[in-house]
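Below is one structure, written out as structure tokens; the observations come after it.
The values are calculated or read from the model by the stated rules, or taken from the named source; none is laboratory data. Every value quoted in this text rests on a predicted model; they were computed, and no experiment measured them. Cβ sites come from the backbone with ideal geometry, for glycine too, and all protein chains shown count toward neighbours. Accessible surface areas use protein heavy atoms only, side chains included; no ligands, DNA or RNA. Shrake-Rupley method; radii C 1.70, N 1.55, O 1.52, S 1.80 Å.
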Amino acid sequence: MCMETNVLSLRIDGELLDRLRGHAAKRGMSVQDYVVRTLIRDDFDERFKTAVEETEKFYGVR
């Protein structure tokens, strides 16, 4: 089995990075590992969809 890998680069503000660092530190993880673990959670797709819908409602896209 061959796994393809890609690079994902994010630009986030300092406040969010500090929050991510705090969450990761509580679990003894790096920020990168914490973000990846969050993305592969079973409920991520549903949570992401809900966040997008709420953002669209807020900005009047829908």
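Any idea which of (1) modelled with pLDDT of 85 or more; (2) open to solvent by 80 Å² or more (accessible area, probe 1.4 Å); (3) aliphatic (A, V, I, L, M) is the one residue 3 doesn't satisfy?
With respect to (1) modelled with pLDDT of 85 or more; (2) open to solvent by 80 Å² or more (accessible area, probe 1.4 Å); (3) aliphatic (A, V, I, L, M), residue 3 is out only on (1).
Quickly run through segment 26-54 and pick out the residues that are open to solvent by 100 Å² or more (accessible area, probe 1.4 Å) and under 23 Å from residue 6 (Cβ atoms).
32, 37, 40, 41, 42, 45, 47, 48, 49 - these are the residues of segment 26-54 that are open to solvent by 100 Å² or more (accessible area, probe 1.4 Å) and under 23 Å from residue 6 (Cβ atoms).
With respect to residue 9, is the statement that it is open to solvent by 100 Å² or more (accessible area, probe 1.4 Å) and small (Gly, Ala, Ser) true?
yes
Just to confirm my filter: which helices (runs of 4 or more DSSP H) fall fully inside the chain and include at least 1 residues that are of a type in the set (Gly, Ala, Ser)?
Values: elements: 14-26, 31-39, 44-59.
Counting at least 1 such residues, we get 14-26, 44-59.
What do you reckon, is residue 58 hydrophobic (A, V, I, L, M, F, W, C), loosely packed, with under 12 Cβ neighbours inside 10 Å and under 12 Å from the mean Cα position of the chain (by Cα)?
Here the answer is no, as residue 58 does not meet what is asked.
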